[in-house]
Amino acid sequence: MAATVFAAQGASVAAVSTTVPAVKEHLGLSATATTVLIVAVALSAGAGSFAGSAAIRRSGPVAAMRGAVLTSAIALLLIGWAPEQATVTAGYLLFGLALGGIDVSANTRATAVEHHYGRSIFASFYAAWSAGGVTAALLTAGTARLGWPPAATLTAQAALVLLLALTLRAHPLPAAPPDPATATGTPPIDLGRGLWIRLAPFGVVLLVAYVVDSTVSAWSTVYLHQTLAAALSAAPLAYAAYQVGTVTGRSCADHLVRRAGPAAVIRIATLLTAAALAGMAAAPGWPYAVLAAGCVGLGVSALAPLCLASAGRLRPGAAEAVLARLNVFNYLGVITGGAASGILGSAGHFRLAYAVPSALVLVLLLTARSFAPAQGVGGGVARTSPDW
């Protein structure tokens, strides 16, 4: 089930990101208004993350995931059929709330599964996220090629998310280990004042990773369309290539972590991401930018899963509370990347929007030593197949 929720979230994020130019043109939104909307999604996602944490404590992660996925589908319909700016703003805000709820509930469930298995498998869930993103991005490109309006495209995207939601089934983890991350009905656990300090290295990596992710996800379609003169049917291909890169990277990441250790994976991912972003900034045409975006996805793919898995192990019995706090860095990265890229893009400097993160990502080399060894994750041993 958890992998299905990650796929649904990836599809919904791709649906929103790849339809930004079409929605912008359809409603006549200015570049500033578009930037504000993207930042508003991140802000409301932060609120949704803490709301999702409360929902997990009250109803459990499965119910929280199901409700958040259904809400994201409704938000897609609202964005697609919005007749004016006020309605589309409400749609984006609702989507942000749902996104935050999915984040904390799905990551809590994934933490419990990894804790059960006793080895690194977190990146595999994010591979499902990326696969959903590829599917939705290609759907946007296909409907744009056919000349569909934004309402029809986002209706098709909502149908895809709903189809995934209908497959969700509650299957408890077998033989749950001590301190299960999915426990409900227990008193709140004192996380301690030092938690923020322990979260800081992971938070820095997550913040920079989502600066990169937001810059590519939210603005690559616009970058290709406005700066590199790509048609609306070709512009979403950079997002699709980015997600193909993340699928590939995340499919291999767990194996690499088990063989080389998380610190080495962080260093390799950092250098590849920096080089690929520089290539994207210097791309002479949109096909080159598509290729570079794929390499960015390959590099950045392991960063978020490793951060979330490491943070979830800090307090196994209160993973949802820890991850809700870590998500603050996530949304700060989305806000920073989305806003900065939008401002630079509206001023005609989209290339600079990719060159700056290329230098920023090198900071992550300093945090690699903070990642715990992948061996002994949760101290458990695989017994039977968990809820995927």
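Listed by first and then second residue, the pairs with beta-carbon distance under 8 Å, at least 6 apart or on different chains, first residue in the range 34-52 and closer than 17 Å to Ala106 by Cβ, second surrounded by 21 or more Cβ atoms within 10 Å (Cβ to Cβ) and among the acidic types (Asp, Glu), are Ala45/Asp103; Gly48/Asp103; Ser49/Asp103; Gly52/Asp103; Gly52/Glu320. For the range 209-225, check the following and say yes or no: at least one residue is part of a loop (DSSP other than H, G, I, E, B) and crowded, with 24+ Cβ neighbours inside 10 Å. The answer is no; no qualifying residue exists. Within the range 325-350, being farther than 27 Å from Asp103 by Cα and in contact with a Ser or Thr (Cβ under 7 Å, 6 or more places away or on another chain) holds for Ser346, Phe350. Note on the range 302-321: residues that are under 21 Å from Ala253 (Cβ atoms) and either surrounded by fewer than 24 Cβ atoms within 10 Å (Cβ to Cβ) or at pLDDT 70 or above (or both) amount to 12.
The residue of the range 197-206 that is farthest from Ala22 (Cα to Cα), among those that are of a type in the set (A, V, I, L, M) and surrounded by fewer than 24 Cβ atoms within 10 Å (Cβ to Cβ), is Ile197.
Among residues of the range 144-169 being assigned to a helix (DSSP H, G or I) and of a type in the set (S, T, N, Q), the one that is surrounded by the fewest Cβ atoms within 10 Å (Cβ to Cβ) is Thr155. Among residues of the range 1-34 being among the hydroxyl-bearing types (Ser, Thr, Tyr), at pLDDT below 90 and in a helix (DSSP H, G or I), the one that is nearest to Pro83 (Cα to Cα) is Thr34. Every condition in (1) within 18 Å of Val334 (Cβ to Cβ); (2) modelled with pLDDT of 85 or more is met by Trp129 except one, and the failing one is (2). In the range 40-71, the qualifying residues are those that are among the β-branched types (Val, Ile, Thr) and surrounded by fewer than 22 Cβ atoms within 10 Å (Cβ to Cβ), and the one that is farthest from Ala159 (Cα to Cα) is Val62. Considering (1) within 27 Å of Trp148 (Cα to Cα); (2) touching a Lys or Arg at 6+ places or on another chain (Cβ under 9 Å), the lone condition that Ala82 does not fulfil carries the number (2). Checking Leu97, Leu77, Leu93 one by one, the residue that is farther than 24 Å from Arg325 by Cβ and out of contact with any Pro (no Cβ under 6 Å at 6 or more places or on another chain) is Leu77 and no other. Inspection of the range 35-54 finds a residue satisfying the criterion of being out of contact with any helix residue (DSSP H, G or I) (no Cβ under 8 Å at 6 or more places or on another chain) and either in a helix (DSSP H, G or I) or among the charged types (D, E, K, R) (or both). Scan the range 61-89 for residues that are farther than 18 Å from Ala40 by Cα and more than 21 Å from the chain's Cα centre (by Cα) and the total you get is 2. Only helices (runs of 4 or more DSSP H) whose full extent lies in the range 238-317 are considered here, and the ones with at least 2 residues that are of a type outside the set (Ser, Thr, Tyr) and within 15 Å of the chain's Cα centre (by Cα) are 286-300, 303-312.
The values are calculated or read from the model by the stated rules, or taken from the named source; none is laboratory data. Computed from a predicted structure; not experimentally measured. Every residue, glycine as well, gets a Cβ built from its backbone with ideal geometry; the counts of neighbours run over all protein chains shown.
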